[in-house]
Amino acid sequence: MKAKYNFLALSLFLAFSAPALAHSTLEPATNSAQSNTALQDSRLTLEQIISIALQQDASREQLFAQSQATLSSGKAKATLMDPTVKFGFGGVPVDSFRLDQDPMSNISLGVMQKFDRGNTIELQASQAEQQSQAVLQQAKAREHEVITAVTALWLELGYNQKAKSLLLQQEKWLTQLIDNQDSNYALGIGESQDVIAAQLKLSQLQQKLVNNSQMQLKLAAQLSEWLGNAWFEQNGALHASNQLDWHELQQTLASNTTSQLRYQLLMRHPVIQSLDSSLQSAQTQVSIAEEAYAPQFGVEVMYAHREANNMRGDPAPDMVSAYLTVDIPLYTGSKQDKSLEAAQYQVGAAKSQRDAWLARMGAQLTGLISDKDHLQQRISHYQSQLLKQAKAQLAAVERGYQNNSASFGDIVTSSITQITIELELERLITDLNLTNNQIANLIGDYATDSLNKAQR
């Protein structure tokens, strides 16, 4: 009976504790599912990474702030000078210091205002806008740099991920080859040197896999400049690609084949736009220097209150004085002339700087387009000939293996040759996309509409 009661108690305990046990068992599974969902959410796309990078880039924010500071500082300078207020006593006798003793004694209050020469204020306001625009264009140039850098890292990461997949296929074939060589050696129909040679190839391949993993971590670490160290430490995994859609870029290049049309494309680059704004600012400075030859006017108004009586015994009336001042630039040789000369030289320097940048960027664009054309030719050769020949060779070796005219090692060699050609093709495709990325940086046509909107 005691055993019966014990069994009944145990059954009741299990019955009541079963829901709690079930809940505690399901809770880790639920947390695991939530973690997997968060991991999937953290697999960012290229467009998302670029958007985050532009928001987190401190250099871009610094340039935007500097642009606003330049504009505010320029507007502060493009205003009238503050008026001068004069207050004092005049004609006070030194024997008594009384204001009601002499009719000439007075308490005076005056205001003086000077005006800038010619249209200097309007020109300074315009120059402030131009200088601010130059810095703003530098911020847009920084956006180009960020988009180009992030896209390049994405393409390289995509290539390394694809390369790892191909290297793992090679490792699989080499492992099978080693097993085959071991079996042949055990049966006495193989040589030990064949086994050692296969093991050496496998070790070399494993080093490539280690280097590949190191490169992927390095690329992810470089992306953490914008995504943050927390992302790299907690996740750092991205499903990248070594190919992007450059349809718009190809259309732009196809419709701008002459050097003159491509020159117009380069003129849209933010760096050139910034240099143009700097040139306009230098030209405005020339106009400001020319205004220095104009006279500078000023007005002064004074009111004098008198406490004494006049000679007839009546209270002396108060007095008002008004003056017009003119600052005439008579000696211009050592001041105005030199300032104008310096401003004109600065215009020439700004033009030369812009022309130098255009020449440099034009040469870069020409070189990149040439690289793109040659890479497309090589990719076409790989796809139309080398890869087809490698596949045909593998198929022939497999038929020979079935007919006992080829060994398993021949199959492995042909398979590895095909994978090597595929790996070389992926490298060429990656280089082509990297070249397009650099061309897009110069002319502003990126891979997708979202990237173009992000940089705006």
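The values are calculated or read from the model by the stated rules, or taken from the named source; none is laboratory data. Just so you know, these numbers come straight off a predicted model, no measurement behind them. Counting neighbours? That spans all protein chains shown, and the Cβs are built from the backbone with ideal geometry, glycine included. Surface accessibility is based on the protein's heavy atoms, side chains included, excluding ligands, DNA and RNA. Shrake-Rupley method; radii C 1.70, N 1.55, O 1.52, S 1.80 Å.
Before moving on, here are some points about what is shown:
- No other residue among GLN376, GLN389 is assigned to a helix (DSSP H, G or I), loosely packed, with under 15 Cβ neighbours inside 10 Å and touching a residue at least 24 places away in the same chain (Cβ under 8 Å) apart from GLN376.
- If the condition is being of a type outside the set (Gly, Ala, Ser) and either within 12 Å of ALA294 (Cβ to Cβ) or open to solvent by 30 Å² or more (accessible area, probe 1.4 Å) (or both), then segment 118-129 contributes ASN119, THR120, ILE121, GLU122, LEU123, GLN124, GLU129.
- Among the residues of segment 430-442, none qualifies, meaning not one is among the charged types (D, E, K, R), without any contact (Cβ under 8 Å) to a residue 12 or more places away in the chain and assigned to a helix (DSSP H, G or I).
- Test: residue in segment 103-113 that is modelled with pLDDT under 90 and open to solvent by 30 Å² or more (accessible area, probe 1.4 Å): yes
- Pairs linking a residue in segment 169-187 that is under 19 Å from GLN204 (Cβ atoms) to a residue that is in a helix (DSSP H, G or I) and basic (Lys, Arg), with Cβ atoms under 6 Å and 6 or more positions apart or on different chains, are LEU174/LYS201.
- Summed over segment 404-429, the residues that are in a loop (DSSP other than H, G, I, E, B) and modelled with pLDDT of 85 or more give a count of 0.
- PHE87 vs. criteria in contact with a strand residue (DSSP E or B) (Cβ under 8 Å, 6 or more places away or on another chain), surrounded by fewer than 17 Cβ atoms within 10 Å (Cβ to Cβ) and aromatic (Phe, Trp, Tyr): yes
- Complete set of residues in segment 130-158 that are open to solvent by 40 Å² or more (accessible area, probe 1.4 Å) and either in contact with a Gly (Cβ under 8 Å, 6 or more places away or on another chain) or not acidic (Asp, Glu) (or both): GLN131, GLN133, LEU136, GLN138, LYS140, ARG142
- Hits in segment 392-417 (condition: among the hydrophobic types (A, V, I, L, M, F, W, C) and either open to solvent by less than 30 Å² (accessible area, probe 1.4 Å) or more than 21 Å from GLU171 (Cα to Cα) (or both)): ALA392, LEU394, ALA396, VAL397, ALA406, ILE411, VAL412
- Candidate set: segment 83-106, residues that are under 23 Å from THR325 (Cβ atoms) and of a type in the set (Val, Ile, Thr); chosen: the one nearest to the chain's Cα centre (by Cα): THR84
- Meeting the requirement of 3 or more residues that are open to solvent by less than 40 Å² (accessible area, probe 1.4 Å) and in contact (Cβ under 8 Å) with a residue 24 or more places away in the chain, the helices (runs of 4 or more DSSP H) wholly within segment 225-341 are 247-254, 270-291.
- Scanning segment 182-201 for residues that are outside any loop (DSSP other than H, G, I, E, B) and either open to solvent by less than 30 Å² (accessible area, probe 1.4 Å) or closer than 30 Å to GLN55 by Cβ (or both) yields VAL195, ALA198.
- Which listed residue, of ALA58, ALA76, ALA149, is at pLDDT 90 or above, among the aliphatic types (A, V, I, L, M) and within 30 Å of ALA350 (Cβ to Cβ): ALA149
- In segment 44-79, of all residues being closer than 30 Å to ASN119 by Cβ and among the charged types (D, E, K, R), the one that is most open to solvent (accessible area, probe 1.4 Å) corresponds to LYS77.
- Inter-residue pairs, beta-carbon under 6 Å, first closer than 17 Å to ASP445 by Cα and part of a helix (DSSP H, G or I) and in segment 359-370, second open to solvent by 70 Å² or more (accessible area, probe 1.4 Å) and not hydroxyl-bearing (Ser, Thr, Tyr), 6+ apart: LEU368/GLN438
- Condition check for ASP57: over 30 Å from PRO317 (Cβ atoms), of a type outside the set (A, V, I, L, M) and in contact with a Phe, Trp or Tyr (Cβ under 7 Å, 6 or more places away or on another chain): yes
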